[in-house]
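All remarks here apply to the structure that follows.
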Amino acid sequence: MIFRIKVFFLALMITGLYSCKDETNSKAEPVITSTVAADVEGYDETYRPQFHFSPPEKWMNDPNGLVYNDGVYHLFYQYYPDDIVWGPMHWGHATSPDMVHWTNKPIALYPDDHGLIFSGSAVVDKKNTSGFGSEENPPLVAIFTYHSMEKEKSGRLDYQTQGIAYSLDNGENWTKYEGNPVIGNEGIKDFRDPKVFWHEETFRWIMALVAGDHAKFYASANLKEWELLSEFGKQKGAHGGVWECPDLFKLPVEGSEEEKWVLLISINPGAPNGGSGTQYFVGDFDGTTFTTDQMETKWIDYGMDNYAGVTYNSEPNGDRIFIGWMSNWNYARNTPTEAWRSSMTLPRKLSLHKNEGGYYLKNFPLTQFDRITKGKMLLPRPVSLEVPFEREFENLSQSELKFLTSPGANISVTYSNEGGEQVCLQVLGESSEMLFDRTRSGIVDFEDSFGLAVQKQPYKPEGDLVQVRIIMDASSVEIFVGEGKHVFTNQVFPKQPYTKLEISGSPDASLDVLMIRDVNSIWHPEK
Ligand code: FRU
């Protein structure tokens, strides 16, 4: 609250305007609060995200089964309910009416005789092709990987198979199919993470699956019998680690009539700044085969903490909404939290663009995020960065910063605290590079690769002005430059909240329409 008051008076001083009108968008919206499972206290711990999804307690990794059905956005996730490190996997479950607020639900899928429940997807089987429901009450069908620990321990390679389960009450209760597994394994060591979607053009289900160093595509009329169609990728893209969590979908190319297919592939290790990361291919899918003439490897995010991200099926507005796991296998099990481990990225809209260098994806927070922000514009008119912009705040760790700057200039944005901890973003127009430094961000010594190196990415701004947007939530920093063209997603663990903001730059750099906003907690309306 003190932070809000301070920002408010700063706004008065800077703009010279007085207004009792709050600029928040949230007034017109109904108040929705996320709910926590009844028996769990919390969402109050140090480092606990206040507006990102994290499990009520214990270990979480990949988002799974992202699907919209009947007013509900489902988020299932890789979950180990007995410890804060990875263990026998279940599918945890949460739902949202708006992709901002979440309600925790009971565990959806438990391990069984076929194995643990690894990552996968979910579909609304509208035509009841599976026969699990009826056309009046279409089933939700989850498609996932079974991982048999017994087979793995005995040295066999065929320990991952694909299974399905269905729900007739919009995800409340699940029944495993008695004919599981629906795809067996002929000796492929890493054979997992099915993403299934309805392919309207060929009127059948398509599955993207990964098999070590490539993707395989399958087709089915009923979600139970699958036919192998084709393979992609042995000679394409990055291969520094095993391929995981594929996703395949069609997107319009913004500003044109063209449509292309996008294939997301997570890889671990082998990401540009180390450990886990997500690459993508833009190409064509004819119902059988995916092809691309893309030569260079493209990454959805150059930060170290956006992995295993996939997109929603059946999104009612036709948007392609992405959620990633905000961690990295390099150090996921060592981060300094105790009650729970890790959170998801903010839900982001994917859009496809084209310039002389080819196609590229942007990922950017959904507009609904604005409903939980509150604040004022601090700089309504452009100023030169000859004099650095500096402000003190009570607490910047639940905030959003936005401003515009000149694309060719060098600027640097630093958040720091009185303990001398800091994170720094540098946007370097002159050398076409962006850098993110968390080497002195707080607790960094729980694993070597966490705070060792400054992260880098190529920077190719478009247009006369570039927007820089930074969203901080207790232990995460999400940076979007150029509306999601250049993204860094990272965890940080400061020993005390950041309180000082400093923006400096080359003399030709400008700063315009700068806003700092508080972001409300989705778990505690008063915070
Ligand atoms: C990705 C991943 C998946 C697998 C799951 C197991 O992070 O390794 O490939 O299904 O996690 O939890």
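The values are calculated or read from the model by the stated rules, or taken from the named source; none is laboratory data. Everything quoted here is computed from the prediction, not taken from an experiment. Don't worry about glycine lacking a Cβ; one is built from the backbone with ideal geometry, like all the others, and counts go over all protein chains shown. Calculation scope for accessible area: heavy atoms of the full protein, side chains included, ligands and nucleic acids excluded. Shrake-Rupley method; radii C 1.70, N 1.55, O 1.52, S 1.80 Å.
For this structure, a couple of remarks:
- Filter result for GLY237 (farther than 22 Å from VAL67 by Cα and within 16 Å of the ligand (Cβ to nearest atom)): no
- No other residue among GLY287, GLY270 is modelled with pLDDT of 95 or more and open to solvent by 20 Å² or more (accessible area, probe 1.4 Å) apart from GLY270.
- Options THR297, THR292, THR288, THR202; residue that is away from the ligand (no atom under 16 Å from the Cβ), closer than 30 Å to ILE479 by Cβ and either more than 24 Å from the chain's Cα centre (by Cα) or charged (D, E, K, R) (or both): THR292
- Options TYR302, TYR312: the member that is touching a residue at least 12 places away in the same chain (Cβ under 8 Å), aromatic (Phe, Trp, Tyr) and open to solvent by 10 Å² or more (accessible area, probe 1.4 Å): TYR302
- Residue selected from the range 467-511 under the condition of a type in the set (Lys, Arg) and open to solvent by 30 Å² or more (accessible area, probe 1.4 Å), by the criterion farthest from the chain's Cα centre (by Cα): LYS500
- Elements of type strands (runs of 3 or more DSSP E) contained in the range 60-175, each with 2 or more residues being touching a His at 6+ places or on another chain (Cβ under 6 Å) and over 23 Å from TRP198 (Cα atoms): 103-109
- Within the range 113-126, the set of residues being under 19 Å from LEU168 (Cβ atoms) and more than 16 Å from the ligand (Cβ to nearest atom) comprises VAL123, VAL124, ASP125, LYS126.
- Qualifying residue in the range 319-333 (condition: charged (D, E, K, R), part of a strand (DSSP E or B) and either away from the ligand (no atom under 16 Å from the Cβ) or open to solvent by less than 40 Å² (accessible area, probe 1.4 Å) (or both)): no
- Test result for HIS114, in the same structural domain as ILE183 (by TED's automatic domain parsing), open to solvent by 20 Å² or more (accessible area, probe 1.4 Å) and at pLDDT 95 or above: yes
- Hey, ASN395 in a loop (DSSP other than H, G, I, E, B), of a type outside the set (Val, Ile, Thr) and in contact (Cβ under 8 Å) with a residue 60 or more places away in the chain or not: yes
- Lone unmet requirement of (1) at pLDDT below 95; (2) surrounded by fewer than 20 Cβ atoms within 10 Å (Cβ to Cβ); (3) not charged (D, E, K, R) for GLN368: (1)
- Some residue of the range 271-279 being within 16 Å of the ligand (Cβ to nearest atom) and closer than 29 Å to GLU200 by Cβ: yes
- If the condition is being in contact (Cβ under 8 Å) with a residue 24 or more places away in the chain, away from the ligand (no atom under 16 Å from the Cβ) and either touching a strand residue (DSSP E or B) at 6+ places or on another chain (Cβ under 8 Å) or open to solvent by less than 10 Å² (accessible area, probe 1.4 Å) (or both), then the range 127-149 contributes THR129, SER130, PHE132, GLY133, PRO139, LEU140, VAL141.
- Some residue of the range 77-85 being more than 20 Å from TRP329 (Cα to Cα), in contact with a Phe, Trp or Tyr (Cβ under 7 Å, 6 or more places away or on another chain) and within 14 Å of the ligand (Cβ to nearest atom): no
- The range 210-259, residues that are under 19 Å from TYR312 (Cβ atoms) and basic (Lys, Arg): LYS250
- Among the candidates VAL383, VAL413, the residue that is β-branched (Val, Ile, Thr) and open to solvent by 40 Å² or more (accessible area, probe 1.4 Å) is uniquely VAL383.
- In this structure, ASP62 qualifies as at pLDDT 95 or above, of a type in the set (D, E, K, R), open to solvent by less than 40 Å² (accessible area, probe 1.4 Å) and within 16 Å of the ligand (Cβ to nearest atom).
- When the residues of the range 243-257 are filtered to those that are open to solvent by less than 60 Å² (accessible area, probe 1.4 Å) and out of contact with any His (no Cβ under 8 Å at 6 or more places or on another chain), the one that is farthest from the ligand (Cβ to nearest atom) is SER256.
- Any hit, the range 217-232, residues being in contact (Cβ under 8 Å) with a residue 12 or more places away in the chain and within 16 Å of the ligand (Cβ to nearest atom): no
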